[in-house]
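Visitor: Sharing a structure here in C-alpha cells format.
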Amino acid sequence: MPSIMDYFNISLTEAGILASTFTLLTIFTGVFVGNAMSKLGIKRLICFAMFLSLIGSLIALIVNNYIGLVSGRALEGIGLIIMMIAGPTAVSLFTDDTTRAKHTGFWSAFMPLGTALSFLMAPVILPIGGWQGLWWFSVLVSLIALIAASLWIPDDSNQPTLGLNQNLLKKTLRTFTLIWIGCVFAVHSLVFHIILQFIPVYGTTSLGSSSSTVSYIVAGYCLLNVFGNFVAGNAIHQGIRPYRLMSIHFMAVPILAIALFLPAIPDIVRFFALIIGAFFTSLTPSAAFTLIAKLTKKKSEIPAFNGLMLQVQGAGILFGPSLTGWAVETFDSWTAAAFVLIFASILVLIIINLKIKSVDLSI
C-alpha cells in the first residue's frame, strides 16, 4: 500500500477503497453464484475464478493507473467470491460429517496463508520491481493455481447449465441466521484487513519502522493466523461449539486494538499483542463454515447458504477499511482505528449471544 500510495499519489481513504474493491461484487452476487454453482460445476467455477484473478492482475499492469488497479481488483473480486463459495463446497463434497470441521479448518486458512506469502515476497520484490513486480507475482501464482485446479480437481459430472433454483433461493433468503453469521464474518474480515492494509502504513509513518520489518511482522501474524484456523477446526472436531469460538475471537479484538493503536504503548507490547492476537483473531472462519454446513439439510444447499453469508461478509471488507481510513484522517489519529474495532466487536458479541448461540445449540 505505501508503494502504491506514493506511485499514484493517492490518499489513505483512496487506498482503502482500492483495497476494498475486490469485494464490491460480493455484496451483490454471492447468493446467486452459490445458487447456480451445482448447475455450473465446482471444477469449472474454480478454474474460472483463477482465470479471473489472472486477467485482473494483467489489466492492472497494462492500464497502469488508478482506474486500472480498481478495475483489475473488481475482476479479482468476482473470482474471490466464486472461490470462497466453491472451496468449502468442495470440502463438504469430499469429506464426511465426522471430519468436515477439521478439514474446514484447513480450508479456512487460505486467506492468511496467501497473504503471508505476499508479505514475505514484498520486501524482496518491491525494491526490484515496485508494486508492478508484486502484480506479476500474482499473475504467476494465479496461472499455477489455474493449472493445478485443471489437473487435480475431479471433473464435473454434469453438463453446465444456466439458471437459478427458485425454491433454494427462497429458502436461503428466509434463513436469517445466515445474515447474522455474515455480520460476524464481516467484522472478522474488517479486523483482518485493517491489520493487513493499515499496519504497514501505521508502522512506517507513525512508529518509524522499516517497510521490510513491518512486512515480516505482518507475514508472521498471517502465518500464526493459519495455525489458528487449524486449531479452530480441530476444536470444533473435538466438540467445542462454533459460537464459543466466535465469542472468544471478539473478546480478544478490543484488547488487540488498544495494544496496537493507542499511543504510549511500548513497541514490544504491540509486537507481542499482534503475534498472540493472531491465534484469537482466526477462530471465526472455521466456526462460520461449519455452522452453515450444519444448517443445511443436504449438501446441495451449502453453496447457496455460503453465498448469502459471504455476500453479507463482503460488506465488512468493502466498507470497513474505507471507513477506518476516513476516521483516521478525520480525527488525525490512529486511535480512531482502535475505536472502530472496539465498537464493531461489541456489536458482534451482542449478535452472537442474541441471534447465533441459540441456533448453534439447537443443531
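Visitor: If you filter the stretch 276-326 for chymotrypsin sites (Phe, Trp or Tyr not before Pro), then keep DSSP loop positions with at most 10 other Cβ within 10 Å, what is left?
Guide: none
Visitor: Show me 93-101, 232-240, 195-203 ranked by packing, highest mean number of other Cβ atoms within 10 Å first.
Guide: Packing order, densest peptide first, comes out as 195-203, 232-240, 93-101.
Visitor: Filter the trypsin sites (Lys or Arg not before Pro) in the stretch 279-327 down to the DSSP loop ones having no more than 13 other Cβ atoms within 10 Å, then list what survives.
Guide: 297, 298
Visitor: Would you mind calculating the gained length between residue 9 and residue 97 on full extension (0.36 nm times residue separation, minus the Cα-Cα distance), in nm to one decimal?
Guide: Stretched out fully, the residue 9 to residue 97 stretch lengthens by 26.6 nm.
Visitor: Also, I was wondering about something else. What is the spin-label model distance, in nm, from residue 210 to residue 150 if the labels are put 7 Å beyond Cα along the C-beta direction?
Guide: Modelled inter-label distance: 4.1 nm.
Visitor: Please report, ordered by residue number, every helix of the chain (full DSSP H runs) that is 27 Å or longer along its axis going by C-alpha atoms and whose mean Kyte-Doolittle hydropathy reaches 0.0.
Guide: Correct list, ordered by number: 42-63, 66-94, 110-152, 177-205, 211-237, 242-261, 302-331.
Visitor: Right, another one. Taking square-rooted eigenvalues a ≥ b ≥ c of the alpha carbon gyration tensor, is the stretch 207-339 rounded, prolate or oblate, where a/c under 1.5 means rounded and, failing that, a/b exceeding b/c means prolate?
Guide: Since a/c reaches 1.5 and a/b is larger than b/c, the shape of the stretch 207-339 is classed as prolate.
Visitor: Enumerate the lysines that residue 355 could reach by cross-link, defined here as Cα to Cα under 21 Å, with residues fewer than 8 away along the same chain left out.
Guide: Straight-line reach from residue 355, under 21 Å: 170, 171, 294, 297.
Visitor: By count of other Cβ within 10 Å, fewest leading, how are 281, 115 ordered?
Guide: 115, 281
Visitor: If we count every other residue with Cβ under 15 angstrom of residue 233's Cβ, Lys/Arg +1 and Asp/Glu -1, where does the sum land?
Guide: Cβ neighbours under 15 Å give a net charge of +3.
Visitor: Net charge near residue 93: determine it from the other residues with C-beta under 12 Å of the C-beta of residue 93, scoring Lys and Arg +1 and Asp and Glu -1.
Guide: Taking every other residue near residue 93 into account, the sum is +2.
Visitor: Using r as the Cβ-Cβ distance of residue 267 and residue 300, and R0 as 51 Å, what FRET efficiency do you calculate, to the nearest 0.05?
Guide: 0.50
Visitor: Given labels modelled 7 Å from the Cα in the Cβ direction, how far is it in nm from residue 176 to residue 157?
Guide: Distance between the two pseudo-spin positions: 3.8 nm.
Visitor: Let me ask something else about it. Using helices alone, what [θ] at 222 nm do you get for the chain, with -39,500 (n - 2.57) per DSSP H run of 4 or more residues, divided over all residues and rounded to the nearest 500?
Guide: Calculated at 222 nm, the ellipticity per residue is -28000 deg cm²/dmol.
Visitor: Continuing with the same structure: Mind running the shape call on the chain? Use the C-alpha gyration tensor, a ≥ b ≥ c as the square roots of the eigenvalues: rounded below 1.5 for a/c, prolate if a/b tops b/c, oblate otherwise.
Guide: oblate
Visitor: Then there's this: At a 10 angstrom cut-off on C-beta neighbours, averaged per residue, how do the peptides 166-178, 31-43 rank from highest to lowest?
Guide: 31-43, 166-178
Where a number appears in this text, it was derived from the coordinates with a stated rule and is not lab data. Predicted model, so just to flag it, every value in this text is computed and none were measured. Reconstructed Cβ throughout: ideal geometry from the backbone, glycine too, with neighbour counts over all protein chains shown.
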